[in-house]
Amino acid sequence: MGMLHFDYLSQILGYHTNIYYILPACTHEGKEPAATLYLLHGGAGNGLDWIRYTSIERYADKYNVAVVMPEVDGSCFYADMAHGYNYFTYITEEVIAISEGLLPVNKTADKRLVAGLSMGGYGAFKWAFNRPDDFYAAANLSGLSFILDIVGGNDRMGNSPEDKCGIVSLNWGSLDKLTGSMSDSKEWIDKAVRENVKLPKLFAAIGTEDYSYEFSQKYLKYCRENGIDIHFEEMPGEHEWIVWDTMIERFLGWLFD
């Protein structure tokens, strides 16, 4: 096993940023691992979070998976921001190009996975629904909800549509611009149904005491009603690392065991 920290000047973001890599033993011999997992961090987090708070390195070794952990602004919701940086374009284009150009990792969609926690779970499904040909499977951990249920009014984070410095204004400009856009997690489903899109295998998980648990059940119900198949798991827990550590291993086990 090996871990790399890549600090470089992003051409899309226009500033120095970080990507962290975990590489299984086979890559030391120039061989490709079984799969490559693009692993997204949550709000207020950074690219090191998965390494610091979970056993992702052990899981990568167990399942022979390379792990790519990019870093974005902690409240960007993986958007091409109205007032900020183009983070969705960054992760979907530059991160893949950099990673597959530098390292002996998989370069085909049938061996790519994406997953994330909270804001990163939303980002993982946003990537998978909007660019389904990029991945074989996607996992959303504690980020499964309609985005408008989370940011559409005063919420536990203090966001409000009237707050001109808030998440809605910075990322999308307004609720009207968010609604029905590629960042609207309801529109992902509706578009997939309208266009009969072949989606990656989908996995979702959450703690039963999570503040967004009710939102997740509403989202799952809508998916089922529209024929979107999501493998769902839950466990006791809040919006916390013990849930995400447990569920990222279950995601890999669901795929590979």
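The values are calculated or read from the model by the stated rules, or taken from the named source; none is laboratory data. All of these numbers come straight from a predicted model, not from anything done at the bench. Note that we place each Cβ from the backbone using ideal geometry, even for glycine, and neighbour counts take in every protein chain shown. For accessibility, only protein heavy atoms count, side chains too; no ligands or nucleic acids. Shrake-Rupley method; radii C 1.70, N 1.55, O 1.52, S 1.80 Å.
Assorted remarks:
- Only residues that are within 17 Å of residue 96 (Cβ to Cβ), among the aromatic types (Phe, Trp, Tyr) and more than 21 Å from the chain's Cα centre (by Cα) were counted in the range 1-49, giving 1.
- Residues being acidic (Asp, Glu) and assigned to a helix (DSSP H, G or I) - total across the range 238-256: 2
- Of all residues in the range 6-35, those satisfying the criterion of being charged (D, E, K, R) and in contact (Cβ under 8 Å) with a residue 60 or more places away in the chain are 31, 32.
- Filtered residues of the range 167-177 (kept if outside any helix (DSSP H, G or I) and touching a Pro at 6+ places or on another chain (Cβ under 8 Å)): 174
- Among the residues of the range 94-109, the ones that are farther than 15 Å from residue 17 by Cα and under 17 Å from the mean Cα position of the chain (by Cα) come to 1 in all.
- The set of residues in the range 178-232 that are assigned to a loop (DSSP other than H, G, I, E, B), touching a residue at least 40 places away in the same chain (Cβ under 8 Å), farther than 20 Å from residue 135 by Cβ and open to solvent by 50 Å² or more (accessible area, probe 1.4 Å) contains only 211.
- Entirely in the range 23-112, the helices (runs of 4 or more DSSP H) that have 3 or more residues that are open to solvent by less than 20 Å² (accessible area, probe 1.4 Å) and of a type outside the set (Phe, Trp, Tyr): none
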